[in-house]
Amino acid sequence: MSVSPVVPHHIAIVMDGNGRWATRRFLPRLAGHKQGVDSLRRCARACVQRGVCVLTVFAFSSENWNRPADEVSGLMELLAMALAREVPQLKKDGVRLHFVGERDSLSPKVQNGLAQAEAATADNTSLVLNVCFNYGGRWDIAQAAASLAARGEPITEASLHSAMGLAHVPDPDLVIRTGGEMRISNFLLWQSAYSEFFFSDRLWPDFDESALDEAIDAFSRRERRFGKTSEQILSAHPDPMPG
Ligand code: IPE
Ligand code: IPE
Ligand code: MG
């Protein structure tokens with residue numbers, strides 16, 4: 001008997017490996033980033049089909065400014081182009097876009113594009129797609145603490161959580177990193193406290209539906225204990241009887 005896997009409510013992905021995908025084909029790195037946009041479109045659709053409610057992706061880190069200037073400017077252009085091209089379809093597909101990250105250092109054109117994409121998709125309900133752009137987990141914690149301090153509010157776990165970039169969604173159940181590296185690279189430091197991690201050797205442009213299903217399947221076989229014992233978890237949720 002095949003048992004259908006437990007689908008995570010919220011999946012977060014470090015979309016890594018675009019540069020290597022391109023270099024292996026003797027293409028400029030930006031060609032890999034373009035292919036990465038196609039992979040994200042496919043992944044978002046697959047998440048809707050599988051009943052995932054929230055998808056959060058890491059698109060540009062606080063540290064990615066340190067890359068060669070032409071790659072950085074290419075990524076900014078690609079974001080603006082992808083917004084113009086993808087938003088009408090995302091709107092039809094019921095995807096609600098949120099951008100998470102520091103916006104002030106982005107160009108006015110990109111800032112406007114982000115705000116317009118969020119406004120255009122604000123009523124959608126099939127999938128929340130959080131795009132972490134100019135994002136770092138340390139930035140997120142520090143900006144949350146700074147905004148609480150500026151308002152004279154006490155700093156607690158709950159108040160910090162509500163001042164952070166992903167306050168509108170529950171924490172990720174599953175964090176996937178493609179590209180074979182086993183590190184967090186300053187992604188969701190606060191929110192991934194109890195996430196399950198899945199590392200895939202596939203480069204992001206090659207991460208297709210079957211790779212997503214493999215990650216979901218692995219997730220569904222994990223025992224999430226949140227500090228409790230296995231016995232406590234099993235007595236609260238005994239395995240359903242077969243049949
Ligand atoms: C991830 O792919 C996308 C960004 C960081 C913008 P990379 O560009 O890091 O690809 P690799 O790791 O060099 O292959
Ligand atoms: C993490 O990938 C950031 C994104 C995927 C946007 P990097 O390629 O920047 O991470 P490192 O430098 O290998 O840790
Ligand atoms: Mg990388």
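The values are calculated or read from the model by the stated rules, or taken from the named source; none is laboratory data. On a predicted model such as this, the values are computed, not experimentally measured, just so you know. As a convention, Cβ positions derive from the backbone with ideal geometry for all residues, glycine included, and neighbour counts pool all protein chains shown.
Numbers for the structure displayed
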| quantity | calculated |
| --- | --- |
| Residue check for Thr125: more than 14 Å from the chain's Cα centre (by Cα), surrounded by 13 or more Cβ atoms within 10 Å (Cβ to Cβ), hydroxyl-bearing (Ser, Thr, Tyr) and at pLDDT 95 or above | no |
| Single residue of Ala44, Ala80 found to be more than 16 Å from ligand 3 (Cβ to nearest atom) and either touching an Asp or Glu at 6+ places or on another chain (Cβ under 6 Å) or touching a residue at least 40 places away in the same chain (Cβ under 8 Å) (or both) | Ala44 |
| Residues within region 47-63 that are within 14 Å of ligand 3 (Cβ to nearest atom) and under 29 Å from Ser210 (Cα atoms), tallied | 5 |
| Residue satisfying all of: in region 163-185; touching a helix residue (DSSP H, G or I) at 6+ places or on another chain (Cβ under 8 Å) and not in a loop (DSSP other than H, G, I, E, B); surrounded by the fewest Cβ atoms within 10 Å (Cβ to Cβ) among these | Ala163 |
| Cross-chain or 6+ apart pairs with Cβ under 9 Å, region 220-243 first and farther than 11 Å from Glu196 by Cα, then part of a loop (DSSP other than H, G, I, E, B) and at pLDDT below 90 | Pro240/Val3; Pro242/Met1; Pro242/Val3; Gly243/Met1 |
| Contacts under 9 angstrom Cβ, first residue in region 11-29 being free of Cβ contacts under 8 Å to residues at least 60 places away in the same chain and on the phi < 0 side of the Ramachandran plot, partner in a loop (DSSP other than H, G, I, E, B) and away from ligand 2 (no atom under 15 Å from the Cβ), 6 or more apart | Ala22/Pro28 |
| Residues located in region 189-243, provided they are farther than 30 Å from Gln143 by Cα, in a loop (DSSP other than H, G, I, E, B), in contact with a helix residue (DSSP H, G or I) (Cβ under 9 Å, 6 or more places away or on another chain) and within 16 Å of ligand 2 (Cβ to nearest atom) | Ser200, Arg202, Leu203, Phe207 |
